[in-house]
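Structure first, then comments.
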Amino acid sequence: MWHGRFQQDTAADLKKFSESVSFDWRLYPYDIDGSLAHAAALTEAGLLTPEENQAIGKGLLEIRADIEKGAFAFDPGLEDIHMNIEAALTRRIGDAGAKLHTARSRNDQVALDLRLYLRAETGAVQMCLRGLQRALTALAVRYREVIFPGYTHLQRAQPVFFAHHLLAYVEMFQRDFDRLEDGRKRIGVLPLGSGALAGSSIALDREFIARRLGFEAVSQNSMDAVADRDFACEFLAGCALIGMHLSRLSEDLILWASAEFNFITLSDAYTTGSSLMPQKKNPDVAELTRGKTGRLYGNLFSLLTTLKGLPMTYNRDMQEDKEPLFDSIDTVKASLSICAAMLGETRLNEERLASSVADANLLATDLADYLVERGVPFRAAHAVIGKAVALCHEKNTTLRALPLEDYQALSPVFQRDLFEALDLRKAVAARRATGAPSPQNVAAQLKKWETLLG
Ligand code: ARG
């Protein structure tokens, strides 16, 4: 493709070092869509005859069909998917194929392909996020009545509904969804027409191409358009955050499945055994998901680092943008899908949970609020209840069993009705502020998500 200037063939080891078709072949549908739009614009501009345009269209669609059938021989000697497709086209249709690259460089071509690809994958990842949100919501609905110990510092804190805990993750994954959606408008900017870096003396109707490809905008600076991959960094950051959320969910599941917590039972289908210890049932799905988060972070850093020292504009370093991107997309989609499937078969150990929320200490704050409602300043109330908890420890009893006289010795404000503040359901029902886990709020949120997720 550059034989005019060179007398020597490229060294075999350089060909191997430099080729990208072994991984960028997956851009083929987008490369073909981009070329179809480009050929249409060349035709509009009178640079291709309608017959040549037709031949190009037919040839490209045949190439696409061959690739899909596995009948296309990729040649690493042709470096990348762009050159592979163009060479095959010219082989098939002759001169018209050789005209396709008019007013185009691989620099604006690869930027376009990547944007088309990422736009499609944005939708695919969003679908997977929806799948996980649905699985979380379905589990929340199944156990909608179950009260669950909420934790801070991994210490039992206050009671919530299990559904409330799961819906916290649904919210997180919604922000991940929205983040990807927001990135769409920066992905959907057409770089084609920017040439290698300085556009082309042959002016094509770039707005026409953008419309054909469903892009919202046309880039306004040809150097920017071929030089930057910030849209891909943003996408990778979005994947890293999805990984972070998935990893925390995984950590919860791993803890809950341990004998120490024993809150959930994972299905046999989504756990693995041990080759040595016959009793083991390991939460590998959650562990692998947690583990893969490292790759998602790494891929973001890989691309940021590749880009940071590059002078304007395109540099070959940028070919290194693809593998991290492909890996994050594959990893995120696989993790989201398998976590959704695992949750679908996860069951709650309701008896065990009932005994864990029977811990009256979960309601210590409610008891402090009891005093506050009767005029005691919160700090003083906090101290009184702290002493009551310490007394329970000393006497090896619980806040529910501590006699009224002991309470009254700590504060004369206590009356017999203090024990009503230790009613689990009442305590949860009292948490009515927006976002708090009262049964009404949780029911409304469940309904909202069920409607939204369909
Ligand atoms: N394979 C290259 C990449 O992925 C395509 C662009 C090559 N451009 C060039 N001037 N060598 O970045």
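FYI, it's all coordinate maths here, none of it is from the lab. All values derive from a computational prediction rather than experimental measurement. Here Cβ is always computed from backbone atoms with ideal geometry, including for glycine, and neighbour counts include all displayed protein chains.
A few notes on this one:
- LYS308 paired with ASP75, simple spin-label distance in nm, labels 7 Å along Cα-to-beta-carbon: 4.0
- Cα-based shape type of segment 137-202, given that a ≥ b ≥ c are square roots of the gyration tensor eigenvalues and the cut on a/c is 1.5: prolate
- The length gained by stretching the chain between LEU14 and ASP330 to full extension, at 0.36 nm per residue less their Cα-Cα distance, is 110.9 nm.
- Nearest-0.05 FRET efficiency for THR397 and LYS281, computed from C-beta distance (R0 41 Å): 0.65
- Interchain or long-range residues, amide H under 5 Å from THR272's placed H: ASN282, ASP284
- Whether segment 144-267 is rounded, prolate or oblate, judged on the alpha carbon gyration tensor where a/c under 1.5 counts as rounded: prolate
- For GLY150, the residues whose amide H sits under 5 Å from its own are ALA157, GLN158, VAL160, ignoring neighbours fewer than 5 places away on the same chain, with H placed 1.01 Å from N.
- Summing +1 for each Lys or Arg and -1 for each Asp or Glu among the other residues whose beta-carbon sits under 10 angstrom from that of ALA427 gives -1.
- 18 Å reach of a label modelled at TYR151, 7 Å along Cα-to-Cβ, counting backbone N of segment 173-202: none
- Site pair ARG416 and HIS3 shows an inter-label distance of 10.4 nm when each label is modelled 7 Å from Cα along Cα→Cβ.
- Ascending count of other beta-carbon atoms within 10 Å, so fewest first, for ASP406, ASP24, ASP252, ASP9: ASP9, ASP406, ASP252, ASP24
- Highest mean packing comes first when the peptides 95-105, 327-337 are listed by Cβ atoms within 10 Å, giving 327-337, 95-105.
- Part-to-part distance (alpha-carbon centres) for segment 15-83 and segment 202-237, which is given in Å: 19
- Extension gain from ALA429 to ALA65, taking 0.36 nm per residue of separation minus the Cα-Cα distance: 125.0 nm
- When THR451, THR306 are sorted by how many other C-beta atoms sit within 10 angstrom of their C-beta, beginning with the fewest, the order is THR451, THR306.
- Cα gyration tensor category, rounded, prolate or oblate, for the chain with a/c compared to 1.5: prolate
- Within the chain, the selection of entire DSSP H helices by a Cα span of 27 Å or greater along the long axis and an average Kyte-Doolittle value of at least 0.0 returns 106-142, 230-257, 322-344.
- Extension gain, THR265 to TRP25, is 82.2 nm, computed as 0.36 nm per intervening residue step minus the present C-alpha separation.
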